[in-house]
Amino acid sequence: MGSIYKRGKVYWIQYYRNGKPYRESVKSKKESDAKRLLKKREGEISEGKLPGIYFDRVKFDELSEDFLRDYRINQRKSLDRAERSVGHLKRYFEGYRVPDINSPKIEGYIERRLEEGAANATINMELSALKRMLNIGARQTPPKVDRVPYIPMLKENNTRKGFFEHAEFVALRDELPDYLKDFVTFAYKTGWRMSEITGLTWSQVDRDNGIVRLEPGETKNDDGWTVYLDEELQEVFNGQLEARKKSRKLTPYVFPGNNGDEQIKDFRGSWNNACKDANIGKKLFHDFRRTAVRNMVRAGIPEAIAMKISGHKTRSLFDRYNIVNDADFQLAAQKQELYLQTQKDTVSSTVHKLNEKAVK
């Protein structure tokens, strides 16, 4: 049986779980509030739950550290992004107790981030981080979170639609420093992520068979895949190997940096200058990924194969990169016109033959 008593003017309650006593301040001078809280705690215990006072002791800071620890233990490649998300969340939720992290407070966080000018996709990543840290807390033994609140997600209306037309790619490549020309050619044709290309080593290349392999664990989504090199890319790799021999720098990287031995790192200055000199506007390296997907689909490559080449694991992400523009609609119209013209010619020929038979 629980009990109610006073300390000064404030009511306290006492109750038991598995023979262990719990004492909790009601933080109120009203006996009715004490009775209500005691009934709630006794209800939780009768259902086999931990009393709410246990969760009151867990704060956002502890949940966020557990979340980042999970990323470090599992060696997730997006740890930097997770740390940025936690940084933004901490500015709002630092010091919050678990029961205080509810849907109205989360909506307040969303409103603040929107006022700060954050993009919907960025806010959604932060909300996903918050949801994951709450779920991690709920799955622990004993649990640190008694319930995960509803977390509303925003409609993402800021998806980039940048891509390269072939002439733009050629103009950009011509303006880039020599050590980046082959690098961007490979990106343009395969749609690989920047980190996958900068980290590509000769041990992953089978020159005899014209194959490049990424093993499981070497990619963002941890899946491996194989790419066959066309004639241009075979020439690219042969040229890179010859340059490696001439420099006598036995770098393991297929596309080394300007010094010829280390990885390609920050080349934003060269990139921005090349975009400006090529007069193609502001482009992102990630636009190569969208472009490669679109070009493969236009070329008639089955989408399942295109997904393997570009390294897209889910259909939804692939569709997001498979951008349709005015040129695609024009091409579709031309194909339809050609098809209908063929049908007209077939009908005309059939009618002509029927007329000849009728005359006979």
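The values are calculated or read from the model by the stated rules, or taken from the named source; none is laboratory data. Treat the numbers as computed from the prediction; the structure is a model and nothing was measured. Counting neighbours? That spans all protein chains shown, and the Cβs are built from the backbone with ideal geometry, glycine included.
Restricting to helices (runs of 4 or more DSSP H) lying wholly in the range 116-217: which have 3 or more residues that are of a type outside the set (S, T, N, Q), more than 30 Å from ARG244 (Cα to Cα) and in contact (Cβ under 8 Å) with a residue 12 or more places away in the chain?
Details: elements: 120-139, 166-175, 178-190, 194-198.
Of the helices (runs of 4 or more DSSP H) lying wholly inside the range 116-217, those with at least 3 residues that are of a type outside the set (S, T, N, Q), more than 30 Å from ARG244 (Cα to Cα) and in contact (Cβ under 8 Å) with a residue 12 or more places away in the chain span 120-139.
Can we say LEU79 is within 17 Å of ILE136 (Cα to Cα) and at pLDDT below 90? For LEU79, the condition - within 17 Å of ILE136 (Cα to Cα) and at pLDDT below 90 - is met.
Scanning the range 218-235 for residues that are outside any loop (DSSP other than H, G, I, E, B) and modelled with pLDDT of 85 or more yields a count of 5.
Name the residues in the range 56-108 that are among the acidic types (Asp, Glu), in contact (Cβ under 8 Å) with a residue 12 or more places away in the chain and more than 23 Å from ASP146 (Cα to Cα), would you? It would help to see each step written out before you state the result.
Here is the first cut: in the range 56-108, the ones among the acidic types (Asp, Glu) are 56, 61-62, 65-66, 70, 80, 83, 94, 100, 107.
When the remaining residues are screened for being in contact (Cβ under 8 Å) with a residue 12 or more places away in the chain, the result is 56, 61-62, 66, 70, 83, 94, 107.
Listed by number, the list holds a single entry, GLU83.
Here GLY48 fulfils each of the conditions (1) modelled with pLDDT under 75; (2) of a type outside the set (S, T, N, Q); (3) closer than 25 Å to GLY95 by Cα apart from (3). I need the full set of residues from the range 95-107 which are in contact with a helix residue (DSSP H, G or I) (Cβ under 6 Å, 6 or more places away or on another chain) and assigned to a loop (DSSP other than H, G, I, E, B), in order please. Within the range 95-107, TYR96 is the sole residue that qualifies. Summed over the range 164-187, the residues that are closer than 26 Å to THR226 by Cα, touching a Ser or Thr at 6+ places or on another chain (Cβ under 8 Å) and surrounded by fewer than 21 Cβ atoms within 10 Å (Cβ to Cβ) give a count of 1.
Taking the options LYS249, LYS245, name whichever one is at pLDDT 85 or above, surrounded by fewer than 14 Cβ atoms within 10 Å (Cβ to Cβ) and of a type in the set (Lys, Arg). It would help to see each step written out before you state the result.
Details: LYS249 fails: at pLDDT 85 or above.
The unique qualifying residue is LYS245.
The residues of the range 270-323 that are hydrophobic (A, V, I, L, M, F, W, C), closer than 24 Å to ASP230 by Cβ, in a helix (DSSP H, G or I) and at pLDDT below 70, listed by number, are ALA304, ALA306, MET307, ILE309, PHE318.
Scan the range 252-268 for residues that are part of a loop (DSSP other than H, G, I, E, B), in contact with a strand residue (DSSP E or B) (Cβ under 9 Å, 6 or more places away or on another chain) and either β-branched (Val, Ile, Thr) or touching a residue at least 40 places away in the same chain (Cβ under 8 Å) (or both) and the total you get is 5.
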